[in-house]
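Student: Pasting a structure below so you can have a look.
The values are calculated or read from the model by the stated rules, or taken from the named source; none is laboratory data. Predicted, not measured: the structure shown is a model, and the values here were computed from it. Cβ placement follows ideal geometry from the backbone for every residue including glycine, while neighbour counts extend to all protein chains displayed. Note: areas computed on protein heavy atoms with side chains; ligands, DNA, RNA excluded. Shrake-Rupley method; radii C 1.70, N 1.55, O 1.52, S 1.80 Å.
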Amino acid sequence: MGRNIRKRRTPLATKAIAASAALALGGGGLVWANFYASAHEDNSGWNRTKSTNARVATINCPDVGQKLTKVPRSARRGVAKELALLDRQVTDAYKRLAETRQAQAGDANYVNNAILSPLKSKRVATLDRIGININRAGGKRPQNLDQLAQCQGVPAEQPQTNDGQQGGDQNQDGQDQNNDGQDQNQDGQNNDGQDQGGQDGGGQDQGGNGGQAGNGPSADDFVDITQVQGNAQLGVGANGLPANGDGGSTGSFTTSCGTNENENRNSDNVIVAPGVSNGAQHQHDYVGNQANNAFASDQDLANGDTTCQNQGDRSSYFWPVLRVQDGQDDIDANAPGGGQDGNVGTIVQASEAQLKFVGNKNSDVVAMPQALRIITGDAKSFVNGNNNANANWSCTGFEDKVQLHDKLPICPEGSSVVRTSNFQSCWDGQNIDSANHRTHVAFVQGDGTCANGFQAIPQLQVRLVYDVQAPQIQNGQVQNAFAVDSFPDQLHKAITDHNDFINFFDENTMNQMVQCINSGEDCQ
């Protein structure tokens, strides 16, 4: 079963998680070596040839799951397990990268020979099994699948731009992701040159990637929001644009489901990795449906309890937890998805979690089908590029002025951190999911219309507020950092934020929502 974490630091719960962690590691624990290379978010040159002796910050592998747009339904669960194995292989390679800095310093070919080549061999075998799964289900093996096996080391030194805003055309259908032209600019200053010896070990390295677990965030990942030029647009490019406006369907439906007072958390993701424990490799907060873990069926979710005040809403809303890297251990410090995967520090519960569904500025909306799954944002966008990114960070009092996409905000006194997600609100009218979990839904176009014959559905808008102490940056080092949970190789970058939704409104409540939105009413 999935490991739903509900209580914090109770001795019994801590012992149980420690035992499962020891079992997962074969009785041994992972010591995270401090990782002194710092990676930057401009990946416009990552596909170029890199010198073998450049410091390598992380590993960039093709995101196979986003390229598999045609997988027979009967093969999807098996393929999902293999995709989760690919993620685990990257994580294991990244951990080896972080733990072998001395060896890398003495051998310019160490990363290629000892880390990337073995990783490629493992990926070749896994990709072959994916092809077999698809063939057995009557599908056609994707062409050139084996070409997705090669990964790259991403050097610490990346070109820096100057305004903190992101460019690049947006591919909204979730298919091939071209990293060549993506521009993920920098708000802060480049601190790579502050390496004072590259020492490994605990604590912050003076030239390092920072972070309590040695894999971020670093000082470069934060910006004083009062110093950022105003830019109030939500979403990267067209991703995440609000669908509602003064015309069309102007109503709204708000559902109140709490802020996860139950501390219901796990590191599964039943959408992308059904049947795989720790498929996300980072913890999620769950509100609404309480039955969500990797092994939950649609029937389990339809019958699950809900934290929503409106009992007609049994939908599942879940997002990566936010942590303060305060040097303290939370309940998952030695568990998969927590400390074993580089997610450390005290989990912070949101002080507000606002869940609102709105209409479309050009048309009425239609009801969402039950069990519809939507993922917005990209947990791997640091290496994937921003095609599917939808990260929006701000502070209370600044939301209508500044939205950060690739930086975490340092808020002034009296102001709180805000995460906002506007979901895809165009649906293909047929499917509740797709092979890559993207192509059955889409964002509205700039004028608010849905392309390709898609239908407008209510747009979920999630606003999360956190009362956290502002990080302090001194001598290029960040103290009391906060970070969103991520895959370890994504280095806790702000742009990796994402949000998940599975619709389990009952029919009557969904019809009420549609009626309210289309008639211009504001309902709860």
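Student: Give the calculated FRET efficiency between Arg136 and Glu413 to the nearest 0.05, with a Förster radius of 60 Å applied to their Cβ-Cβ distance.
Tutor: It comes to 0.50.
Student: Shifting gears a bit: Need the full-extension length gain, Ala105 to Glu507, defined as separation in residues times 0.36 nm minus the C-alpha distance. One decimal, nm.
Tutor: Extra length from Ala105 to Glu507 when fully extended: 138.6 nm.
Student: Over the stretch 440-503, what is the relative contact order in whole percent, taking alpha-carbon pairs under 8 Å and six or more residues apart?
Tutor: 13
Student: Around Ser421, under 9 Å between beta carbons, what's the net of Lys plus Arg minus Asp minus Glu among the other residues?
Tutor: Taking every Cβ under 9 Å from that of Ser421, the sum is +1.
Student: Run the simple label-point estimate for Glu399 and Gln311 please: 7 Å along Cα→C-beta, distance reported in nm.
Tutor: Reported label-point gap for Glu399 and Gln311 is 3.1 nm.
Student: Taking amide H atoms as placed 1.01 Å from N in the peptide plane, list the residues 5 or more away in sequence, or in a different chain, whose amide H sits under 5 Å from that of Val223.
Tutor: Those qualifying (amide H under 5 Å, at least 5 residues apart or on another chain) are Leu408, Ile410.
Student: Of all accessible surface on the stretch 338-440 at a 1.4 Å probe, what whole percent is carbon and sulfur?
Tutor: The value for the stretch 338-440 is 44 percent carbon and sulfur by accessible area.
Student: Using the structure shown, list the pairs from Lys120/Lys407; Lys361/Lys401; Lys356/Lys407; Lys81/Lys120 with a Cα-Cα distance above 27 Å, or answer none.
Tutor: With Cα atoms farther than 27 Å apart: Lys120/Lys407.
Student: Taking 0.36 nm per intervening residue step and subtracting the Cα-Cα distance, what contour gain separates Asp224 from Gln524 on full extension?
Tutor: Computed gain between Asp224 and Gln524 is 104.4 nm.
Student: A further question on this structure: Principal axes first, then extents: for the Cα atoms of the stretch 467-509, list largest minus smallest coordinate on each axis, whole Å, largest first.
Tutor: 58, 27, 12
Student: Output wanted: per-residue J couplings in Hz (rounded whole) for the stretch 281-296, from phi through Karplus 6.51 cos²θ - 1.76 cosθ + 1.60, θ = phi - 60°, x for Gly and Pro.
Tutor: 6, 7, 7, 10, 7, 10, 10, x, 4, 9, 9, 7, 8, 4, 9, 6
Student: What distance in nm lies between label points placed 7 Å from Cα along the C-beta direction at Asp447 and Asn475?
Tutor: 5.8
Student: Could you tell me the relative contact order of the stretch 371-458? Use alpha-carbon pairs under 8 Å, at least six residues apart, and round to a whole percent.
Tutor: Across the stretch 371-458, relative contact order equals 27 percent.
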